[in-house]
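The next block holds one structure in the form of structure tokens; read it before the comments.
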Amino acid sequence: MLQILKMGTLDLFWGIPFFFLSVLAMTYFLDSLFKLYAVTGKIATNKKDRNLLSYHLKSGNMSDARKIITSSKDPMILSSGSILNSYIQNRFKDVDTLRNEIKDNLDGLLKIPHEGFFNYFCGVILLVAYAGTLLSFFFLLNNFDINTNDFSELFKYMAVGIKSSIFGVAASALMSTGHAWLEKITEKTSFVREEFYRNLVEVFNSSLAEVHGNNFGSDTNSKDVLIKQSIESKVDQMKKLTKRKSYLTIVLKKVKDGLKQKANEYEHKPKLMHEITERFTQKISQISKESSEIDQQIQKLEDAI
């Protein structure tokens, strides 16, 4: 049986392109693997920078936010550093463009390198294997003699097709497995990316609402500050708190819809889904808590009027 695997001259016709494609595929795979591990590793170790940046942006502390943007080594912050700086300096007037630019940069950050090659490799390598099989049939039929008693030469031609098929299927299966592995690496970090993007969008939406007078800011402590400001009437305070409550209701609905979408997307990956559910639940709890606090403040103001 092992005699079939011995390479002969005819094997060069499919073996050379097979070897070239295999070496190229392995080179691209290792390059993609190391790059993804480097990016995801830095994202995991720089979580504090992202949290601080979101906090400073929400609280309006642009000076400290700018310091984090310029000094952080977090790939997510670095990928959108120039856009965030433009936002801080009020040079970005179109919030929709701002959101789209941030999303494109974050999506590109976890894009698998050389993915285009991986997508067509399996088809090409199977085509090479099929060509080897056709070649073996051609020589087999061309040299077939029904009157001969020596079939060793014919078996040699058959072996060419068998080898090309085995190696082609094996290479295709390995590449599919490797590609799935790379996708799994990005999946583990994709939720972190979406959470960071969602926090930035919340900041951008709050800023837009402030410009149009639709809410009074994104800082959760600003509710108490507004109530204590004697220069504003209690009626104005209630209006602003009510608008903030309406904004939180919209955000809460979007978060819940996002959780349902992720539940459908990752229903076959319970471990990852459990982690995603915990993070969404934590976010929902924070929003619900702030909404409850606003209700209490409104009730106090109503009693005081």
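Just so you know, all these numbers are worked out from the coordinates, no wet-lab data involved. Small disclaimer: the values here were computed from a predicted structure and weren't measured. So basically every Cβ, Gly included, is an ideal-geometry build from the backbone, and we count neighbours across all protein chains shown.
Between the beta carbons of Asn142 and Ile16, assuming R0 = 25 Å, the FRET efficiency works out to 0.70 to the nearest 0.05. Taken one residue at a time, the phi angles of segment 57-71 give Karplus couplings (6.51, -1.76, 1.60, θ = phi - 60°) of 5, 5, 7, x, 7, 5, 5, 5, 4, 5, 4, 5, 4, 7, 10 Hz. Gly and Pro are set to x.
Working note: Cα atoms of segment 1-87, range along each principal axis, descending, whole Å: 73, 25, 17.
Taking 0.36 nm per residue of separation and subtracting the current Cα-Cα distance, fully stretching the chain between Leu33 and Glu293 would add 88.9 nm. Available extension along the chain between Ala263 and Ser86 is 60.2 nm, counting 0.36 nm per residue and deducting the alpha carbon span.
Taking R0 as 30 Å, what FRET efficiency do you get between Ala44 and Tyr120 from their Cβ-Cβ distance, rounded to the nearest 0.05?
It comes to 0.40.
Averaging the sequence gap over all C-alpha pairs within less than 8 Å and six or more residues apart, then dividing by the number of residues, gives segment 42-123 a relative contact order of 25 percent.
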